[in-house]
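Everything on this sheet refers to the single structure shown next.
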Amino acid sequence: MWQAGTVESGRMAKVRHIPDAERRDRLARRHAVAPWARVHDAEAATRAMTVLHSTEPATVHLSYAARVDGLVVADVDRALQEDRSVVKQLAMRRTLFVFPRDLLPAAWGSASARVATSELKRMAQDVERAGLAADGTRWVLEAREAVLAEITSHGDGLTALEIRDRLPEVAVKFDVTAGSVWNHSRVLTHLGLTADLVRGVNTQHWRVSRPRWTLMSDWLGETPAPLPLEEGYAELTRRWLRTFGPGTEDDLVWWLGSTKGAVRASLAAVGAVAVSLDGGATGWVLPDDVDPEPPAEPWAALLPVLDPTVMGWKHRSFYLRDHGPDLFDRNGNAGTTAWVDGRAVGCWVQDDDGVVAVHLLEEAPADARERLDAEASRLTDWLGGTRVGTVYPSPAMKAARERGPAGTTVLG
């Protein structure tokens, strides 16, 4: 569908219109969430999504399980800890993600650098307010050097607890705000932002993050240089548009945790093309991605807390309708979601035995329920009785737990 657009070279240009239904068809294929669109391994699933959310460690495994047939936990561990084809990195919006290895330099020079600068300032202020040092910046930088020296002397890395025991002067405790105490993990986090350290081998169950902090140079071998700021943002924007396009300028500003100026420069750098969206907003796609998307076959999926599909845009009505308040907590964190044909229509929870059940926020036809039940059975089998908790339960999840799992049901 095309409509009149801007005037270029004295003639009226045509602007492609991409309706919500087509955006949902794009999502099905590009996010590898439709069962018929799944990919072959963890790295391919990561590339499909640009990056995966890793705030909760279980999200990574469950996001992979939703997108890769035949995947087992050992496959994820191999990709993260042996092949190292995907790497955990704090970046956009001070959020921990799993990146394809080749995308790391783009983040190091842009999103991660932006967060590192602001976090260093906050840490220095906290140190000075506590009276620990008159020059908070110097204290933090010296703490960083002490941690790096200690980890360098232990080639296989150290956990946060081991660093605490070895460097009590860095792990000193003091109040930051009421109810908040200084944690030396902030120094480790900052070293991760600057690509000096990486979250290496996890020492606990896959649901729990207790990594050995390791030198990035040891983890990756030859560490590439960060891309310059503008190039880094441009590459992140290019990958995001391939996964999430069309998206609005607001979507990209939110996802990158950046400024409108940086986003506009990045859109120009990748030659992004404007399209119109339902509701009148302007969206953006890559120049080779303007052609219509074929209709998708029916599908259903169950995605975990903070899955990158549900967290990919700021403006979410095209796949949420009015279910946002039920599927997100008050801080904007998405709980589990149940999807039918590109729309999030409910959530899923587990019972005491780990059995997965779907709870809908609206009625669904019988064939859609059958597909959801098949996905619930698939996820139950994959989890094998392991129960996964979360600190981000949505209102829908809370309501579902009160009702108790009982197959696919409608809340309310």
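The values are calculated or read from the model by the stated rules, or taken from the named source; none is laboratory data. Owing to the predicted nature of the structure, the values given are computational and were not obtained by experimental measurement. Neighbour counts are summed over all protein chains in view; Cβ atoms, including those assigned to glycine, are modelled from backbone coordinates with ideal geometry.
General remarks:
- Boolean, THR189 is of a type in the set (S, T, N, Q), farther than 14 Å from ALA143 by Cβ and at pLDDT 95 or above: no
- Tallying residues that are polar (S, T, N, Q) and free of Cβ contacts under 8 Å to residues at least 40 places away in the same chain within region 348-405 yields 2.
- Test: residue in region 301-311 that is in a loop (DSSP other than H, G, I, E, B) and surrounded by fewer than 16 Cβ atoms within 10 Å (Cβ to Cβ): no
- Residue check, SER276 at pLDDT 95 or above and either of a type in the set (S, T, N, Q) or in a strand (DSSP E or B) (or both): yes
Matching residues to (1) among the aromatic types (Phe, Trp, Tyr); (2) surrounded by 14 or more Cβ atoms within 10 Å (Cβ to Cβ); (3) at positive phi; (4) part of a strand (DSSP E or B):
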{"residue": "ASN331", "(1), (2), (3), (4)": "no, no, no, no"}
{"residue": "ALA338", "(1), (2), (3), (4)": "no, yes, no, yes"}
{"residue": "ALA344", "(1), (2), (3), (4)": "no, yes, no, yes"}
{"residue": "VAL349", "(1), (2), (3), (4)": "no, yes, no, yes"}
{"residue": "ASP352", "(1), (2), (3), (4)": "no, no, no, no"}
{"residue": "ALA357", "(1), (2), (3), (4)": "no, yes, no, yes"}
{"residue": "GLU362", "(1), (2), (3), (4)": "no, yes, no, no"}
{"residue": "ASP367", "(1), (2), (3), (4)": "no, no, no, no"}
{"residue": "ASP373", "(1), (2), (3), (4)": "no, yes, no, no"}
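- The residues of region 282-300 that are β-branched (Val, Ile, Thr) and part of a strand (DSSP E or B), listed by number, are THR282, VAL285.
- Single match in VAL147, VAL176 (criterion: outside any loop (DSSP other than H, G, I, E, B) and touching an Asp or Glu at 6+ places or on another chain (Cβ under 6 Å)): VAL176
- Of ARG378, ARG387, all but one fail to be at pLDDT 95 or above and not in a helix (DSSP H, G or I); the exception is ARG387.
- Applying the criterion of at least 1 residues that are acidic (Asp, Glu), over 12 Å from the mean Cα position of the chain (by Cα) and farther than 15 Å from THR309 by Cα to the helices (runs of 4 or more DSSP H) found wholly in region 30-77 leaves 42-49, 73-77.
- All conditions but one from (1) more than 16 Å from THR194 (Cα to Cα); (2) among the β-branched types (Val, Ile, Thr); (3) in a helix (DSSP H, G or I) apply to VAL170; the one that does not is (3).
- Pairs linking a residue in region 203-218 that is more than 18 Å from ALA79 (Cβ to Cβ) and without any contact (Cβ under 8 Å) to a residue 12 or more places away in the chain to a residue that is among the acidic types (Asp, Glu) and assigned to a helix (DSSP H, G or I), with Cβ atoms under 9 Å and 6 or more positions apart or on different chains, do not occur.
- Candidates in region 318-329 are the residues that are in a helix (DSSP H, G or I) and in contact (Cβ under 8 Å) with a residue 40 or more places away in the chain; of these, the one that is surrounded by the most Cβ atoms within 10 Å (Cβ to Cβ) is LEU327.
- Any hit, region 81-93, residues being of a type in the set (Gly, Ala, Ser), surrounded by 17 or more Cβ atoms within 10 Å (Cβ to Cβ), in contact with a helix residue (DSSP H, G or I) (Cβ under 9 Å, 6 or more places away or on another chain) and assigned to a helix (DSSP H, G or I): no
- Of residues in region 137-159 being surrounded by 16 or more Cβ atoms within 10 Å (Cβ to Cβ) and either at pLDDT below 95 or aromatic (Phe, Trp, Tyr) (or both), the one farthest from ASN183 (Cα to Cα): GLY157
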